[in-house]
């Protein structure tokens, strides 16, 4: 583009459209993920969660489900991890973001290994301390956030505000 003086104007800087995989468990984790979904506008988004009934809330985005697991469901971890690996291989995201819980932890670890950038947003329900998954993911996430200012530390997690 040429301006009035005849000089070329620098190209408008627009962020590159990213492939994003948004992962959460059910309930409040899913609600929080949906609350930050407007931040994904302009990007190619896929959602992965635990309940097919949530599909309608994902809009036009691609949608996947996996078995929900907790630390007490170790017999089912392999099934959840395998499904998350399949989703990651199918999607090949640039960024994996999660609001928790354990399946989100697995998704971020797998995403990191596959070369994706990772973002963890710990649940607002964890007022007194970070969730167990939130505590464990910190050293593996590219961006590690808490929704409670008093839980933030200089080395992370960081506080950028609350989702709810």
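Using a cutoff of 8 angstrom between alpha carbon atoms and counting only pairs six or more residues apart, the relative contact order for the chain works out to 19 percent. At each listed q (0.15, 0.16, 0.17, 0.23 Å⁻¹), what is the log10 of I(q)/I(0) that the Debye formula gives for region 7-91 modelled as equal alpha-carbon point scatterers? Per q value, in the given order, log10 I(q)/I(0) is -0.61, -0.67, -0.74, -1.16. Here the Gaussian network model covers the chain, with springs between Cα atoms less than 10 Å apart; of 22, 116, 107, 116 fluctuates the most. For the Cα trace of the chain, dividing Rg by the Kirkwood Rh returns an Rg/Rh value of 1.06. Taking the centroid of alpha carbons for each part, region 28-80 and region 92-164 are 15 Å apart. Between 0 and 90 degrees, the angle of helix 74-91 with respect to the longest Cα principal axis of the chain falls at about 20 degrees.
Using the Cβ-Cβ distance between residue 162 and residue 82 with R0 = 25 Å, the FRET efficiency computed as 1/(1 + (r/R0)^6) comes to roughly 0.15. For the chain, the longest principal axis of the Cα atoms and the long axis of helix 102-113 meet at an angle of about 50 degrees.
For the pair residue 89 and residue 125 in one chain, pulling the backbone fully straight at 0.36 nm per residue adds 9.8 nm over the alpha carbon distance. Give the percent of DSSP beta bridges with both residues in the chain that are antiparallel, rounded to the nearest 5. Once the DSSP bridges in the chain are tallied, antiparallel ones form about 5 percent.
Rounded to the nearest 0.05, what FRET efficiency do residue 55 and residue 135 have when you use their Cβ-Cβ distance and R0 = 30 Å?
The value I calculate is 0.45.
Every number here is computed from the coordinates shown, using simple stated rules; none is lab data. Since this is a predicted model, take the numbers as computed values, not measurements. Note that we place each Cβ from the backbone using ideal geometry, even for glycine, and neighbour counts take in every protein chain shown.
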